[in-house]
Every structure is written in structure tokens, then in C-alpha cells.
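Notes follow the structure.
Each reported figure results from applying straightforward, stated rules to the coordinates on display, with no laboratory input. Every value quoted in this text rests on a predicted model; they were computed, and no experiment measured them. Cβ sites come from the backbone with ideal geometry, for glycine too, and all protein chains shown count toward neighbours.
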Amino acid sequence: MRFTELNLAPELVRNVLELGYETPTPIQQQAIPPALEGRDVLGRAPTGTGKTAAFILPTLHRLRGMEGLRCLVLCPTRELAIQVADNARQYARGSELFVGLVYGGTKVDADMRDLRAGVEILVGTPGRVNDHLERGNLDLSNVEVLVLDEADRMLDMGFKPQIDQILRRCRRTGRQTLFFSATMPNSVKSLAYEMLRDPVTVEAAPKVTTAEGVEQFVYPVETSKKTDLLLRILKQPEVTTALVFSRTKFGADRIGAAVARAGLKVEVMHSDRNMTQRVRALEAFRAGEVQVLVATDVAQRGIDVEGISHVINYDAPKDPEGYVHRVGRTARAGETGVAMTFMSGGEIGDVAAVEHLLGYRIARVNVPGFSVFADESTGEFGEEQQTTITMPESKKEQRASRGRRMGKHASKELSPEELQKLLGVVTAA
């Protein structure tokens, strides 16, 4: 199927083709036709599946010729809201439909220019949209399309009260709701059932998986030695750009300071940084002005940067599906990348939960001087799926052992003999 076969308005198809897209992604193929019919849509779609076009294109088609605020798109973070608004404006070129953007971290008065000028589509974070509602700056009574993007993340961040307030201001009859979430825990299902009427359910990825081009490794390491290991890895020539995830804001600041002291260019991004700082950090990383970006989970889905060579989980994620979203920042659009997870003794259970979700055991890399505890349990995968790589100490052998040629089946399909031949290092089952 091609975009020309989806019955979209000619100007929308032209814009999509000019952006270099000819074939819709699976979530777009499933969601756009029922959305064009005016049906409510419940979509399970991880980041990177093309879900923005899945809800924006049919919305633009529906709103042709209309004036005034007709669509509200809610996003969990400022970064994602900016990304969605930018994409919407590209798709809307030549349609005379205007896209506005509001988010926290800036002065409320700064949003008034767009709101006074009039927009047909407003993209925003729940907190800032609620601010404008309370000030009387917004009227949602004519909104025909309500979109929730990454609903699970919004609930995780505590936006349920704000979403409820917004729903009370929207019309109930004649409203189309497009509801997208990467995961479907009970809290998300409850909100979906509350908002949707006889929805069409679509799913981009029935099984949680990482991208094909991602090579994954787990590094057993004591907590006190994580920073030293990180610096050793970041100084390797293969690491051209690295996105480092910390579980806490304090940890992100501490990691960033250590990386800077080591002489590497680094930026830090988390919710305590103001909007100017966060945009500057992301743009510097995207432009290649800094090699390392340290971020927290709150920022992870808003980081849309091509060409990231390495994702490093300094802290193993507590949420197994959060691992997939972190790792999804590399190997995008058919590229390749490396994902490394540091695992302290207290994080063995977190990594096991990730492996249970993925259905296979991730290869271990033991670095002399750092891996001072054993992780020998076979768990649910058995002896045959265990792979442990002992990383040699010489710089020449370090580069050889990095495993970039192992391929996506590194953790479960290569025998110890094949690994030894491929890597030139000592391997053990």
C-alpha cells in the first residue's frame, strides 16, 4: 500500500511525498482509514513507528476549510510536543490550517500571540493547556478531534487530573478521539474506555522488540565503578555519539559533571532544566556540537536525533518496557547502533525483567577490574542461551572485543567457538 491509496486529500499526499515517504508504516495503514471515517481509534504504538502521521494526516483531511480551534493534541513532554507540532506543520503546508504550540517552562503570555491569531490545531502539554483554560485563554467547545499521544507517559507523570479537567471542557457529542499509547496497563485502558466510543483498535508491534540493528550488551559492574567504566567506554573511537540514561535528575547532573571533567563535550537534559536549557542541549547534540547527552527517563521519548551510535543505560530501567524506549533512540530508520546496560548487584532483577520481556538473554561483557561480582544464574533461558564475553585489557583487543560485528542474534545463536573466532577473545558459556 502507498500513501496515494489512502484517500487523503491531494495536497496532503503531495506534502508526504515531498518529505520522502511513499509507503505508510503498519500503524499508519491500520489507523488512517478508520480515522478518515470519523471513528475513534485506540492505538498501541511504540515511539518510532510513525504514529504522528497516523493521527495528524486524517485530522488535517477532516479539518480542511474549517476555521478556529478544531483539534487538540496532548503530549506528555515539551520535547515531544515540539516534535509533533513541527511534523504537523510540515504535513499541513498549503492547507491554510495553522498549528499552535503551548508547553510549560515558558511565560504563559508568550503563547498568546498564536492563540490570538487563531489556530486550527493546538499541540500542548496537559499542564500548560490547563493553565490557559483556567485563565480563559482557550475555548475547547468546538474541538472536533482530540488526540492523546503517549497516554501511558502522561499518566506516569501524574497528568490524570489535568486530562480530566480538559475533557470536561471538550464537547462530548460529535468529537472524534484518537488515543495512542506505547503500553496498555490497566490505568491506560481505564482512561481509554472513559474517552472512546466504539473504537477501532490498532497495534503497530504486537510483541515488544528492539530495532533490528541494535546490538545489546550488559556490563556487570559495581555501582561505585560505573562512572569510571562509562568514561572508559566514551573514550573509545567507536563511540561517536552517546546518549546516557540516568534514573534520577541528581544522577544525571553528577554524570554530566564527571564526563565534562574528563574533557568530553556533554549536555544534560532533565525536567529541572528550564526550556531554554533543554532545547539548547538537544540542538547541540543533534548538531554534533557535543558527543554525549545525559538524560532521564522523562526526556527519553522526546529525543528524536538521528545517528546516535551508542545508548548507555548507566542505571538499568525499573520499567522493562522503558528499556525498549531507551534503546529505541539508536538504530533508527534502518541504521545500526549499540545499547549497553550497566548492571550492579542490585540491578540483576531489573535486567532479568527486561530479558523476560524480550524473550532472550542479553550478552554479558566482563571488563577486568570492573566486573567484581558473578551473574551466573541461567534464569528462564537455560545454559544454551548464555553468552559471556571477557573483555581483554589491551587497547587493540578492546576494540576487537567490542562486538559490533556480532549481529542481532549475538545473545543466543552463536556457539562459544563461533564467538571466539569472531571476537578473538576468551568466551565461556
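Could you compute the FRET efficiency for residue 86 and residue 64, with r as their C-beta to C-beta distance and R0 at 22 Å, rounded to 0.05?
0.60
If packing is taken as the average count of other Cβ atoms within 10 Å, what order do 188-195, 342-349, 177-184 fall into, highest mean first?
Highest to lowest by the protection proxy: 177-184, 342-349, 188-195.
Suppose every Lys and Arg Cβ carries +1 and every Asp and Glu Cβ carries -1, with no other charges. What dipole size does the stretch 182-297 come out with about its Cα centre, to the nearest 20 debye?
Here the size comes out at about 420 debye.
In the stretch 33-91, which GluC sites (Glu not before Pro) fall in coil by DSSP and have 16 or fewer other Cβ atoms within 10 Å?
Loop-located and lightly packed - 37, 67.
State the volume of the convex hull built on the alpha-carbon positions of the stretch 102-169, expressed per residue in Å³ and rounded to an integer.
87
Just grab the label-to-label distance for residue 289 and residue 115, each label 7 Å out from Cα along the Cβ direction, in nm (one decimal).
3.1
Tell me which residues come under 5 Å, amide H to amide H, from residue 294 once H is placed; ignore anything under 5 positions away on its chain.
244, 267, 268, 269
So what J values fall out for the stretch 251-257 if you push phi through Karplus, 6.51 cos²θ - 1.76 cosθ + 1.60 with θ = phi - 60°, rounded to Hz, Gly and Pro as x?
x, 4, 5, 5, 5, x, 5
Cross-link list 249/318; 226/249; 189/249: which exceed 20 angstrom alpha carbon to alpha carbon?
Check vs 20 Å cut-off fails for 189/249.
Residue separation times 0.36 nm, minus the C-alpha to C-alpha distance between residue 168 and residue 186: what's the value?
The residue 168-residue 186 span can extend by a further 4.3 nm.
Relative contact order of the stretch 3-203, please, whole-number percent, based on alpha carbon pairs below 8 angstrom and at least 6 residues apart.
29
What are the residues whose amide H is under 5 Å from the amide H of residue 123, where those residues sit 5 or more places off or on another chain and H is modelled from the backbone?
73, 100, 101, 102
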